[in-house]
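Structure first, commentary second.
The values are calculated or read from the model by the stated rules, or taken from the named source; none is laboratory data. Note that the coordinates shown come from a computational prediction; the quantities given were computed from them, not determined experimentally. For neighbour counting, all protein chains shown are included, and Cβ atoms are generated from backbone atoms with ideal geometry for every residue, glycine included. Quick note on the areas: whole protein, heavy atoms, side chains included, nothing else; ligands and nucleic acids left out. Shrake-Rupley method; radii C 1.70, N 1.55, O 1.52, S 1.80 Å.
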Amino acid sequence: MFAPLDRALILFIISVLLVVGSFCLVAGETNTLESVPDLEKAMYINVEGYPCVRLLNLSGEIGCSNPGQKKIVAPVFRLGKIDKLLFHSFAVLVPLEELESFLLRVSSNPKFAQRIAGVLVEATGFKNRSLGFSPDEKFPQAEFAPYPNVSFQWNPRGSGIMWNHYDFPVFLLSAESAKLLQEMATKNENNFKAYPSTVAEFDLVMQTTKAETRDSASCLKKQSCLPLGGYSVWSSLPPIKTTSVEPPKSIILVMAAMDSGSFFRDVSFGADSPLSGLIALLAAVDALSHVSNLNELKKQLVFAVFTGEAWGYLGSRRFLLELELGEDSLKGLNGSMIEQVLEIGSVGKGLSEGKTTFFAHSGHDTSSTNEMLDALKKASLSLGSDNVNIKKADVSNPGVPPSSLMSFLRKNSSVSGVVLEDFDTFFINKFYHSHLDDPSNINSSSIAAAAIMVARALYILASDSPHLNLITLNSIKVNVSLVEELVECLLTCEPGFSCDIVKQFISPSNVCPSHYVGVFVDLPSETQHPQYADDTSRFVWNFLADRSSGSQKTAIPCKVDCHNPADVCVAAETESSRCVTSTTRYVPSYSTRLKFEGNSWHILPPNTSDPLGLVDPVWTESYWNTIGLRVYTVQSSAYDNLILLIGIVITVATYIATLVARTFLLKALKHD
């Protein structure tokens, strides 16, 4: 029917079609995969999550890390199902309400802990907020207390889980990721002994684990970590005239903290503790900046905002050390002239049943401390029907609550200081040092009330006169819209740092704020022009420099410095930069036990002149290359072997078909 050549040609074409068809069969299912990255996206699903990372101190490690130098892969199951599993190890999907009890079980049961490959925490659905969630201790940083009773429970809901050491990765899932993992875990449980199975791949390999450096001393020596730290800010109102021949005024130091802690590194809002105090301080400075004739006040107002307070009071302790050493970062400030210290602590939850109440905590009763309490009461009374009350804290308290004032009292027990708080005998913030201490946990009206009371109390104290100017006092008003805007900017991701008032001063590196202190990257000698100050520190510096300059603004643009030594460059990162007269400075914040020398950090021996240095943990954070979390489906080994066998059969068949076609073709050509 066909000529020999035609038959050979037909067989050859058929063999080619078989080969092409086999490739098309494989490619037909992945016709949208045009590159290796496309293939990877089809195989893996990247999961949005926030890690718990490895921190170190002089005693050892806390936090989370992969146990070795490789990624961890494990099937995902819900917490309620794991006791029935026969798997050697698995990843556990844990509801947030059960995280504390689960991690405490892990810490107390090493055999159980060995089976945990990783933990995925569902952030959504925290059903009973009244129970609270605080991973910190019941007496946070008790070793720094200026009194012996360190068993007092300031934070009764504290579980202490953030201070434990975990040899497995832990991630907090976003709402969308939690839903995805729930579906995958359910699928695994329904196919308990069958495949395919969904696994999670954890990439949380810490450099300190690779280098086998298990404490701050060894990791700093091998440079596998960096010290925790950042930049505190201080400013004066009005600016301090360093060249003045007049005798220096007594100083009223007003302070707040701007960093918080959290079990999960990058989710640390700290809305009530301590950011409500920071916002109140900024609003009080804004209110006082509109008061005329501030130069006539008998006392100098100085404002300090510390970072690193959640990790050994790094900011306040470094501030005191640099003040004692007369460093340039505190030029113009005389420590011996500090007469009174007022700290604005947690003030976001003072509003209850239509009334706002704050409590004044003091270390001991002195005439100067009582003067501060009286000023706060007078300020409260001046507000009339606004229902802002101030009460002295319960005398049964052992002393001041965990606060920056502890650093001052340990340095000098005779310091007259008061801490303003929204609680009396224990924290009413049930989410202290938790990612749940967010804007829903505070009331901006409470912050505004604290701000106006503080502003008026400071005016009363700084006036230091029996004949107070009541007209001026009553004219001091807090901009409630500013308070609300600062809450939105500093405590939410929308708008976050993209809000107008922040962008007036800085070009933020992140939109979503997180108030974890971070690590100290700059050289300590470059503190007035830091390259790595975080967004919060840079915003606070610019805000205080602008507000403390009063109306003495010039239109001279600037980039870094101004020609007048008394001036600073505000909004240098924007097109609206200008020189203003202000005494506003950065102060480095890192452990007083550290020294940077020879291009590396060194730990100094304890010094009896620094009592807090004796108990300083010297916190550091491990380096890492990448942090990631993704999920994918794995098949059984039998399925993999079947696919391999099919591939071999297709390859062999194609080879044989090619040989046959070649043989026929050669015979046909010879015959022809």
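Classify the stretch 503-549: rounded, prolate or oblate, from the alpha-carbon gyration tensor (a ≥ b ≥ c, eigenvalue square roots; a/c under 1.5 rounded; otherwise prolate if a/b is larger than b/c)?
oblate
List the relative contact order of the stretch 441-552 as a percent without decimals, with contacts defined as Cα pairs under 8 Å and 6+ residues apart.
That works out to 18 percent.
With only Lys, Arg, Asp and Glu charged, each at its Cβ (+1 for the first two, -1 for the last two), find how big the charge dipole of the stretch 342-413 is about the Cα centre; round to the nearest 20 debye.
120
Accessible area per residue for the stretch 278-427 in Å², computed with a 1.4 Å probe and the full protein assembly in place, what is it?
Heavy-atom accessible area per residue stands at 36 Å².
So between residue 498 and residue 609, what do we pick up on full extension, going 0.36 nm a residue minus the alpha carbon distance?
My answer for the length gained is 35.5 nm.
Considering only 51, 504, 312, whose Cα is most displaced toward the positive end of the charge dipole of the chain, charges sitting on Cβ of Lys, Arg (+1) and Asp, Glu (-1)?
With unit charges placed on the Cβ atoms, the residue in question is 51.
Once the piece of chain linking residue 560 and residue 445 is laid out straight, how much longer is it, given 0.36 nm per residue of separation minus the C-alpha distance between them?
37.7 nm
Summing Lys, Arg as +1 and Asp, Glu as -1, what charge do residues with Cβ under 13 Å from the Cβ of residue 498 carry, residue 498 excluded?
-4
Which shape class, rounded, prolate or oblate, goes with the stretch 244-385 when its Cα gyration tensor gives a ≥ b ≥ c as root eigenvalues, a/c under 1.5 marks rounded, and past that a/b bigger than b/c marks prolate?
Note, shape of the stretch 244-385 comes out oblate.
For the stretch 107-176 and the stretch 427-493, what is the centre-to-centre distance using only Cα atoms, to the nearest Å?
One Cα centre to the other: 30 Å.
Any idea how far apart residue 528 and residue 241 come out in nm if each label point goes 7 Å out from Cα toward Cβ?
Computed distance between label sites residue 528 and residue 241 equals 2.0 nm.
Could you work out the mean projected area of the convex hull around the alpha carbons of the stretch 305-412, in square nanometres to one decimal?
The orientation-averaged projected area of the Cα hull of the stretch 305-412 comes to 8.4 nm².
Give 111/138; 331/411; 71/221 a once-over and call out the pairs whose C-alpha atoms are over 24 Å from each other.
111/138; 71/221, as the Cα separations exceed 24 Å there.
Can you tell me the length gained on complete extension of the stretch residue 596 to residue 212, counting 0.36 nm per residue apart and subtracting the Cα distance?
136.0 nm
Points 7 angstrom from Cα along the Cβ direction at residue 666 and residue 101: gap in nanometres?
Inter-label distance under the simple model: 7.8 nm.
Lys and Arg at +1, Asp and Glu at -1: add these up for the other residues within a Cβ distance under 14 Å of residue 115 and post the number.
+2
Any idea what the dipole of the stretch 131-183 comes to, in debye rounded to 20, about its Cα centre with Lys/Arg Cβ at +1 and Asp/Glu Cβ at -1?
200
Give me the percent relative contact order of the chain, please, defined on Cα pairs under 8 angstrom at least 6 residues apart.
Worked out over the chain, it gives 21 percent.
Once label points are set 7 Å from the Cα along Cα→Cβ at both residue 521 and residue 325, what is their separation, rounded to one decimal in nm?
Label at residue 521, label at residue 325, 2.3 nm between them.
Does the stretch 404-519 classify as rounded, prolate or oblate by the C-alpha gyration tensor (a ≥ b ≥ c root eigenvalues; a/c under 1.5 gives rounded; else a/b over b/c gives prolate, otherwise oblate)?
Oblate, since a/c reaches 1.5 and b/c is not below a/b.
How far is the Cα center of the stretch 358-403 from the Cα center of the stretch 538-601, in Å?
33
Could you grab the relative contact order for the stretch 109-158? Cα pairs under 8 Å, six or more apart, rounded to a whole percent.
Result for the stretch 109-158 is 35 percent.
Through the Karplus equation 6.51 cos²θ - 1.76 cosθ + 1.60, θ set to phi - 60°, convert the phi angles of the stretch 493-507 into ³J(HN,Hα) values in whole Hz; use x for Gly and Pro.
Once θ is set to phi - 60°, the couplings for the stretch 493-507 become 8, 9, x, x, 6, 8, 5, 4, 5, 6, 6, 5, 10, 9, 9 Hz.
List every DSSP H helix in the chain whose Cα atoms extend 15 Å or more along the helix's own long axis and whose mean Kyte-Doolittle hydropathy is at least -1.0.
For the chain, where a helix must reach 15 Å along its axis and average at least -1.0, the hits are 4-28, 175-190, 276-288, 314-325, 367-382, 444-463, 480-491, 535-548, 637-671.
Over the chain, with every protein chain in place, what whole percent of the accessible area is carbon and sulfur at 1.4 Å, could you tell me?
Ligands and nucleic acids excluded, carbon and sulfur give 54 percent.
Give me the net charge of residue 381's neighbourhood, meaning all other residues with Cβ under 13 Å from the Cβ of residue 381; Lys, Arg count +1, Asp, Glu -1.
+1
Any idea what the dipole of the chain comes to, in debye rounded to 20, about its Cα centre with Lys/Arg Cβ at +1 and Asp/Glu Cβ at -1?
So the dipole magnitude of the chain works out to roughly 1200 debye.
Which residue, chosen from 257, 285, 233, occupies the Cα position most advanced towards the positive end of the dipole of the stretch 166-288, where the dipole is computed from +1 (Lys, Arg) and -1 (Asp, Glu) charges on Cβ about the Cα centre?
My answer, from the dipole projection, is 233.
Apply 1/(1 + (r/R0)^6) to the Cβ-Cβ distance of residue 385 and residue 477, taking R0 = 22 Å, and write down the FRET efficiency to the nearest 0.05.
It comes out at approximately 0.90.
Mind checking which of 602, 403, 184 is farthest towards the positive end of the chain's charge dipole, using Cβ charges of +1 (Lys, Arg) and -1 (Asp, Glu) about the Cα centre?
Final value for the positive-end residue is 184.
Here are some values of P(r) over Cα pairs in 10 Å bins from 0, in percent: (i) 3, 14, 22, 22, 15, 9, 6, 4, 3, 2, 1, 0, 0; (ii) 2, 5, 7, 8, 8, 11, 12, 11, 10, 7, 6, 4, 4, 3, 2, 1, 0, 0, 0; (iii) 3, 12, 17, 15, 11, 10, 11, 10, 7, 4, 1, 0, 0. Which one was computed from this structure?
Label of the calculated value: (i).
Rounded to whole Å, give me the distance from the Cα center of the stretch 645-662 to that of the stretch 227-278.
76
Quick one: 3J(HN,Hα) in Hz for the stretch 606-613, Karplus 6.51/-1.76/1.60 with θ = phi - 60°, rounded, Gly and Pro as x.
x, 10, 5, 6, 10, x, 6, x
What number, rounded to the nearest 500 deg cm²/dmol, is the helix-based mean residue ellipticity at 222 nm of the chain, given -39500 (n - 2.57) per DSSP H run of at least four residues and division by all its residues?
Value at 222 nm, helices only, nearest 500: -10000 deg cm²/dmol.
Based on the Cβ-Cβ distance from residue 509 to residue 470, what FRET efficiency comes out when R0 is 51 Å, to the nearest 0.05?
0.65
Quick check for you: which residues of the stretch 272-297 have the amide N under 16 Å from the point 7 Å beyond the Cα of residue 129 toward its beta carbon?
272-273
Using the Karplus curve 6.51 cos²θ - 1.76 cosθ + 1.60 with θ = phi - 60°, what ³J(HN,Hα) values do you get for each residue of the stretch 132-140, in whole Hz, with x for Gly and Pro?
x, 7, 10, x, 7, 7, 6, 10, x
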